[in-house]
Structures are given as C-alpha cells and as structure tokens.
1. For Asp72, what is the net charge nearby, where nearby means another residue's Cβ is under 9 Å from its Cβ and Lys, Arg count +1, Asp, Glu -1?
2. Taking the 0 to 90 degree range and rounding to the nearest ten, how far is the long axis of helix 26-39 tilted relative to the main principal axis of the chain, both from C-alpha atoms?
3. Quick one: length gained pulling Val119 to Glu158 fully straight, 0.36 nm per residue minus the C-alpha distance?
4. When the Kirkwood hydrodynamic radius is evaluated over all pairs of different C-alpha atoms of the chain, what value in angstrom, to one decimal, is obtained?
5. Principal axes first, then extents: for the Cα atoms of the stretch 54-126, list largest minus smallest coordinate on each axis, whole Å, largest first.
6. What does the extension gain come out to for Glu38 and Thr51, with contour length at 0.36 nm per residue minus their alpha carbon separation?
7. For the pair Ala107/Asp189, report the inter-label distance in nm, with labels modelled 7 Å from Cα in the Cβ direction.
8. Could you check the spin-label model distance between Asp175 and Asp31? Points 7 Å from the Cα along Cα→Cβ, value in nm.
Amino acid sequence: MFIWDGSTGRTISDKMWIDNIIGGNAMSQRDHWGEVYETKSPDAVSWYQPTPIPSLQALDRLHIAPTASVIDVGGGASHLVDHLLARGFSDITVLDIAAPALEIAKARLGEAAAQVHWVVADMTQWVPGRSFDVWHDRAVFHFLTEEGQRAAYRKALEQALAPAGVAIFATFALDGPEKCSGLAVRRYDAVGLAKALGSAFALVADWREVHVTPGGGHQAFTWGVFKRV
Ligand SMILES: C[S@@+](CC[C@H](N)C(=O)[O-])C[C@H]1O[C@@H](n2cnc3c(N)ncnc32)[C@H](O)[C@@H]1O
C-alpha cells in the first residue's frame, strides 16, 4: 500500500511511512527537531541552559584562546554562541539539522548574528568544507543510534578537526536518560565514547556532570575531550 506524503508531495510505502513516524530517516529527524523548536519555548526544553557553564569550563580547562575556530555541532538555540562572542571568538560556526533552532539563536543575537556562520545540515550527511580547532557537541552524538549514522559523523569529524584540534563531547551517561525529546539515545561512559569515535581519536580527559533540567529533573552526562591520534 502507498500513502501520500504531503511534506514531499510523493507517495511512500508503508515501511517508509513507519520509518518517518519512528524517526528512522533524515527527513523525519529534521521534521521532528524543526517541530520541537517551532512549538516549544527555548527555555522550556530539557537541555536548556541560560549559561552553558560546563561547556565554558571545558574551554577554560583546555586553555582555548579566542583565536580558535569553533564549531558547535547540533548547537540548536544554545547560548554557547552568545558567550563565545562575548569572549571575543571571531570564527564561530553553529550547525543544526533544524533551521528554526538557528533562527531562535539569530533573533536573540540580533546584529551580532552576522558574525557567526550558520549551517543547516544533518550531521550524518554533512560534508565539511573546512577545518576547525574546536569541535563541540553537547547532546547530539547520543542520538545516533545506528552504526551507519555514527560512521558518517566520524567521517565528518575526521575531515573537519584541525590536526592539533580538540573535540569536546557531552552525551548522556550510562545512568542518564534513555530518551531525549521523545527519541531513543545511546548512552556512554568515556571508554564507550572513545570506542564509538574510533581509533583516529584519543581520549585526553573526561568527567561527569549532572544537568538540572528546567523542570528540575537530573540528567547524568559523560564529557569527553578527544584529540587526533
Ligand atoms: C538535545 S538538543 C542539544 C542542543 C544544544 N547542543 C544544546 O546543548 O543546547 C540536540 C540538538 O541536536 C540537533 N540534531 C539532532 N540530530 C541532528 C543531526 N543529525 N544533525 C545535526 N543536528 C542534529 C537538534 O536539532 C538539537 O538542536
């Protein structure tokens, strides 16, 4: 049986339709996240932080200078970009699958948004055209539950991380939530994260953080910092 898909104007099979519903392909991921940012207040989502203290502490801990180029992968409407600009960073890229998320951040920043490179892309399909000194991913990699998705992500990381660059990851810890935003996640400890990123990257530091959501919930995160081998 075939079903009309209004979003693409094409007929799709039962299986494809089910995949769309359960988030099994890139189109549905984009739609899912777009809807989240279009329907929820930015300060009401579970991952909201008025100040991304753990990320800023990570940059301090690694002595990252404002001359470094930074990409916030799956940055959404995060306030990290605001703080990077305030600290004098001048080469900032924010990438997200959801255009509405980036629009929220741009509107908040006003004229300063013009100083930032905004990229709407799916990390599992993105081909980076340049390199970055700092790769930051808070709560994005853990949504990649299929090995094929993680392989595509690794490929982008391998292409884009500068030779002396650092990649900073925060994923749900092994005792963290099993889902986020209604989607299943894959949880990690530092060793598991290192394994998932593959032999091209070495773990140089890791720590644990408990994020308190706007609703007062507690979410355990694993933070890991990686360099090229
Ligand atoms: C839990 S939110 C975290 C947002 C942000 N990193 C923060 O800390 O506030 C996950 C983000 O990843 C984005 N995302 C999910 N899958 C993605 C993908 N395949 N490619 C790019 N962005 C993705 C979502 O749109 C969302 O903004």
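1. Numbers: positive: Arg138; negative: Asp96, Asp137.
Overall, the nearby charge balance is -1.
2. 80
3. Values: separation 39, 0.36 × 39 = 14.04 nm, distance 1.83 nm.
This chain segment gains 12.2 nm when fully extended.
4. Details: mean 1/r = 0.0550 Å⁻¹.
Its Kirkwood hydrodynamic radius stands at 18.2 Å.
5. 31, 29, 20
6. Numbers: separation 13, 0.36 × 13 = 4.68 nm, distance 2.17 nm.
Contour length minus Cα-Cα distance gives 2.5 nm.
7. 4.3
8. 3.9
Readers should treat all values here as calculations from the given coordinates under stated rules, not as data from a laboratory. Bear in mind the structure is a predicted one, so any value in this text is a computation, not a measurement. When we count neighbours, we look across all protein chains shown, and the Cβ atoms used for this are built from the backbone with ideal geometry, even at glycine.
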